[in-house]
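Have a look at this one.
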Amino acid sequence: MKVLVTGSSGHLGEALVRSLKATEHEVFGIDIAPSPSTDAVGSIADRQFVHRSMRGVNAVLHTATLHKPHVATHSRHDFVDTNITGALNLLEEAVSAGARRFVFTSTTSVFGDALRPPVGQPAAWITEDVAPRPKNIYGVTKTAAEDLCQLFHRNHGLSCLVLRTSRFFPEEDDQKEVRDRYAHGNINANEFLYRRVDIEDVVSAHLLALEQAEAIGFDKYIISATTPFTQDDLADLRADAPAVLKRKAPEFEGLYAARGWRMFPEIERVYVNERARTCLGWKPKYDFHHVLKSLREDKDMRSPLAQLIGSKAYHSRSFAEGPYPIE
């Protein structure tokens, strides 16, 4: 099977190209930036470029996008061109080329304002049934692209699976107050409890979606590390997250203390991956239990693939106020 990977020079795109090349599949990578994992350089907003790239393609893994870090540096039209028009070009050309499978990398950012309950309310339990409430152009365009996927499944029979990934980027946190109070590794470790996923697990979810797309037809899945929390914990997570974690994993206190780490005082949302585990048979390996094991053994908590891909950054320049400017 020939698989087109868009965004092949990015974090996930490169990881997918590397992983697919170890299988029986033929892989063709496209990106606006050249790299060893990219076969053709161009924009998905360019319909003719997409048409040429789709020749002989049986399946598409669509990861190319403008991200949240681009909101303050790119126009809303840029986001529409890449995230909506680009997705539409790919979907239309996939149908024209006779491709049967389309996997779209979306984001938990589509939930937007639903991720932050009012003060005094329990943490939000985020499943696929929560209605998106985008809070910026990034979320709006990703939600629109999800709807295009559903439309092309409905009207053209194209099997489309949407994977809403949580954080897997290795860059510093965008919030200065968080960066100032917590070490980078501390932040990432905490996030594996409720909003982070390792790129190796993201890749495995995409490969499972690629394999099962035709049998499923259309669906959306949250791709995030398995949380140890349950709905019974939500009120306490908002009031005293360290106390909840102490009940779930008392070992964390000593391991954290040895590094001068701390748990966040509260958690306001929890991503739930049950549907992906049930429907795709996804078995993510990197969760908070893995984090604690890595701390016990004094090992890097990242997967070998995450360590190999490393950090790519979202911009060609640096910013004094953080990894990227905030809108």
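What follows is calculated from the coordinates using simple rules that are stated; it is not laboratory data. Remember, predicted model here, so these are calculated numbers, not experimental data. Cβ placement follows ideal geometry from the backbone for every residue including glycine, while neighbour counts extend to all protein chains displayed.
At 0.36 nm per residue, minus the direct Cα-Cα distance, what do Ala257 and Asp78 gain on full extension? Give it in nm, one decimal, please.
On the way: separation 179, 0.36 × 179 = 64.44 nm, distance 4.50 nm.
Full extension from Ala257 to Asp78 adds 59.9 nm.
Hey, how many Å between the Cα centroid of the stretch 111-147 and the Cα centroid of the stretch 1-70?
28
Computed over the Cα atoms of the stretch 50-182, what is the ratio Rg over Rh, Rh following Kirkwood?
Numbers: Rg = 16.7 Å, Rh = 16.3 Å.
Across the stretch 50-182, the Cα-based Rg/Rh ratio is 1.03.
For the peptides 30-41, 50-61, what is the packing order when you average, over each peptide's residues, the other Cβ atoms within 10 Å and list the highest mean first? Display every interim value, and only then the final one.
Working: 30-41: 17.2, 50-61: 19.7.
Final packing ranking: 50-61, 30-41.
If the chain between Ala243 and Val119 were fully stretched, how many nm would it gain, using 0.36 nm times the residue separation less the Cα-Cα distance?
Taking Ala243 through Val119 to full extension adds about 42.8 nm, to one decimal.
Set the Förster radius R0 to 45 Å, insert the Cβ-Cβ distance between His51 and Gln231 as r into 1/(1 + (r/R0)^6), and round the FRET efficiency to 0.05.
On the way: r = 47 Å, r/R0 = 1.05.
After rounding to 0.05, the efficiency reads 0.40.
Now, a different point. Using a Förster distance of 41 Å, how high is the FRET efficiency between Glu177 and Cys279, based on the Cβ-Cβ distance and rounded to 0.05?
Details: r = 38 Å, r/R0 = 0.93.
With R0 = 41 Å, the Cβ-Cβ based efficiency is 0.60.
Can you pull the Kirkwood radius for the stretch 122-257, inverse mean 1/r over Cα pairs, to one decimal in Å? Mind showing how you got there, number by number?
Details: mean 1/r = 0.0577 Å⁻¹.
After inverting the mean inverse Cα-Cα distance, the result is 17.3 Å.
Working from Cα positions, state the angle (0 to 90°, nearest 10) between the long axis of helix 234-248 and the longest principal axis of the chain.
Tilt relative to the chain: about 70 degrees.
Moving to a separate point now. Placing +1 at every Lys and Arg Cβ and -1 at every Asp and Glu Cβ, with all other atoms neutral, what dipole size does the chain have around its Cα centre, in debye to the nearest 20?
On the way: 40 positive and 43 negative charges, 33 e Å.
Around 160 debye, computed over the chain.
Oh, and also: Count the lysine pairs in the chain whose Cα atoms sit under 17 Å apart, keeping only pairs 8 or more residues apart in sequence or on different chains.
Value for the chain: 11.
More than 25 Å apart: what percent of Cα pairs in the stretch 2-309 qualify? Before the final figure, lay out each step's value.
On the way: 23045 of 47278 pairs.
Result: 49 percent of Cα pairs exceed 25 Å.
What is the chain's relative contact order, in percent, from Cα pairs under 8 angstrom and six or more apart in sequence?
Working: 613 pairs, mean separation 61.2, N = 327.
RCO, the chain: 19 percent.
Something else about it: Using a basic spin-label model with each label point 7 Å from the Cα along Cα→Cβ, how many nm lie between Asp298 and Ala215?
Rounded to a tenth, the inter-label distance reads 4.5 nm.
Using the alpha-carbon atoms, what tilt in degrees (0 to 90, nearest 10) does helix 11-20 show relative to the longest principal axis of the chain?
60
Could you list which residues have their amide H under 5 Å from that of Ser159, counting only those 5 or more apart in sequence or on another chain, with H placed in the peptide plane?
Those qualifying (amide H under 5 Å, at least 5 residues apart or on another chain) are Phe102.
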